[in-house]
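Peer 1: Let me give you the structure first, and then I'll get to my questions.
The values are calculated or read from the model by the stated rules, or taken from the named source; none is laboratory data. It should be emphasised that the depicted structure is a prediction, and the values quoted were computed from it without experimental measurement. No Cβ is skipped: glycine too gets one built from the backbone with ideal geometry, and neighbour counts run over all protein chains shown.
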Amino acid sequence: MAASRSARVYADFLLPHLTRDLHLVDVGCGSGELSLELAAEVGRLTGIDEDTAEIASARAAAAASSVGNADFEVGDAYALGLPDDGVDAVLGHSVLEALDRPGDALDEMRRVLRPGGIVAVASVEYGGLVLAGPDAPLLRRFYEIRERLWLAEGADPYLGRELRGLLIGHGFTRVRASTTYVCYGDEAAVREFGLGRADDCVDDWYVESAQRHGLATPHDLERMRHAWLTWADSPSSYAAFAWCRALGWTA
């Protein structure tokens, strides 16, 4: 949703609970941008992702920035490769909504947490899209197609609203759920966001999946791409996405 996965923006709900003596595991760490910021707040950080190329990028970024307390491993959200009761905190940002068995992933997170450990999860909530600017109906169609593709491929664009119930249902206590908006409301942010969505309209996954499921033609996708380019330069454009977050503790 943004070029920078800033800890201040995307992990603000977890930051007050981090201390320099904790071991934090970031499940679905990707290329490690958020992980490396969080490493400054804890004693040790372990990033885990199933994508080998992303892990290689995270390791390179850690080396380039001389972050010595972060390690990155290829792994599976359903099998983290860590001992029972061994870590203090687990973060799952933009992870559960992409899994077909989010409950099993939560069980695995709970397994590796020590008694009294904390889990923090966050998922985008597609029901909370705010969008204004030129060609807004066409640009909303872009997101309607993406929602349908997520659902067709086993992901859940509405999981955010279920996080509190999921954590309680999988054994976490003192669960706190909240929602925040990530907003794109100045010239630079609007331009970055619009150009990013224009690129999505020619992304291999989006293009091939939309055509395979009969949701868009090449002409439709080209119209949406041009609409996003126009939107990126318009002074009337604004976008915001709802992010649902939840914290829970092991008993």
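Peer 1: Could you check region 201-215 and list, in sequence order, the residues that are outside any loop (DSSP other than H, G, I, E, B) and either of a type in the set (A, V, I, L, M) or under 22 Å from the mean Cα position of the chain (by Cα) (or both)?
Peer 2: If the condition is that a residue be outside any loop (DSSP other than H, G, I, E, B) and either of a type in the set (A, V, I, L, M) or under 22 Å from the mean Cα position of the chain (by Cα) (or both), then 204, 205, 206, 207, 209, 210 are the ones that fit.
Peer 1: Now a separate question. Would region 80-93 turn up any residue that is among the hydrophobic types (A, V, I, L, M, F, W, C), at pLDDT 95 or above and farther than 25 Å from residue 244 by Cα?
Peer 2: Checking region 80-93: at least one residue is among the hydrophobic types (A, V, I, L, M, F, W, C), at pLDDT 95 or above and farther than 25 Å from residue 244 by Cα.
Peer 1: Test residue 222 against the criterion of being within 23 Å of the chain's Cα centre (by Cα) and either among the basic types (Lys, Arg) or outside any strand (DSSP E or B) (or both), and give yes or no.
Peer 2: Taking the combined requirement at face value, the residue does not satisfy it.
Peer 1: Quick one: count up the residues across region 223-251 that are of a type outside the set (Ser, Thr, Tyr) and over 30 Å from residue 167 (Cα atoms).
Peer 2: Total satisfying the criteria: 11.
Peer 1: Can you pull out every residue in region 151-175 that is more than 15 Å from residue 128 (Cβ to Cβ), in contact (Cβ under 8 Å) with a residue 40 or more places away in the chain and part of a helix (DSSP H, G or I)?
Peer 2: Of everything in region 151-175, those that are more than 15 Å from residue 128 (Cβ to Cβ), in contact (Cβ under 8 Å) with a residue 40 or more places away in the chain and part of a helix (DSSP H, G or I) turn out to be 152, 164, 166, 167, 168, 169.
Peer 1: Being aliphatic (A, V, I, L, M), touching a Leu at 6+ places or on another chain (Cβ under 7 Å) and assigned to a helix (DSSP H, G or I): is that true of residue 198 here?
Peer 2: For residue 198, the condition - aliphatic (A, V, I, L, M), touching a Leu at 6+ places or on another chain (Cβ under 7 Å) and assigned to a helix (DSSP H, G or I) - is met.
Peer 1: Note down all Cβ pairs under 7 Å where the first residue falls in region 195-212 and is of a type in the set (A, V, I, L, M), the second is buried (at least 19 other Cβ atoms within 10 Å of the Cβ) and part of a loop (DSSP other than H, G, I, E, B), and they're at least six residues apart or on different chains.
Peer 2: 210/216
Peer 1: Take residue 194 and decide whether it is exposed (fewer than 15 other Cβ atoms within 10 Å of the Cβ), at pLDDT 95 or above and not hydroxyl-bearing (Ser, Thr, Tyr).
Peer 2: Answer is no for this residue.
Peer 1: Turning to a different aspect of this structure: With respect to residue 91, is the statement that it is touching a strand residue (DSSP E or B) at 6+ places or on another chain (Cβ under 7 Å), closer than 30 Å to residue 202 by Cβ, among the hydrophobic types (A, V, I, L, M, F, W, C) and touching a residue at least 12 places away in the same chain (Cβ under 8 Å) true?
Peer 2: When the stated conditions are applied, residue 91 does not pass them.
Peer 1: Related question: Can you list residue pairs whose Cβ atoms sit under 8 Å apart, with the first residue in region 1-21 being under 19 Å from residue 181 (Cα atoms) and exposed (fewer than 13 other Cβ atoms within 10 Å of the Cβ) and the second being modelled with pLDDT of 95 or more and among the hydrophobic types (A, V, I, L, M, F, W, C)? Count only pairs 6 or more apart in sequence or on different chains.
Peer 2: That search, which allows pairs on different chains as well, returns 8/15.
Peer 1: Taking residue 81 as the residue in question, decide whether it is free of Cβ contacts under 8 Å to residues at least 24 places away in the same chain, assigned to a loop (DSSP other than H, G, I, E, B) and of a type in the set (Gly, Ala, Ser).
Peer 2: no
Peer 1: In this structure, is residue 72 outside any strand (DSSP E or B), of a type in the set (Phe, Trp, Tyr) and within 27 Å of residue 103 (Cα to Cα)?
Peer 2: No: the conditions fail for residue 72.
Peer 1: Given the residues 187, 208, which is the only one that is at pLDDT 95 or above, out of contact with any Gly (no Cβ under 8 Å at 6 or more places or on another chain) and under 23 Å from residue 144 (Cβ atoms)?
Peer 2: Among 187, 208, only 208 is at pLDDT 95 or above, out of contact with any Gly (no Cβ under 8 Å at 6 or more places or on another chain) and under 23 Å from residue 144 (Cβ atoms).
Peer 1: Take the residues in region 38-50 that are of a type in the set (D, E, K, R) and under 15 Å from the mean Cα position of the chain (by Cα), then tell me which one is surrounded by the fewest Cβ atoms within 10 Å (Cβ to Cβ).
Peer 2: In this case the residue turns out to be 50.
Peer 1: Considering only residues that are of a type in the set (D, E, K, R) and not in a helix (DSSP H, G or I), which ones fall in region 1-59?
Peer 2: 5, 12, 20, 21, 26, 41, 44, 49, 50, 51
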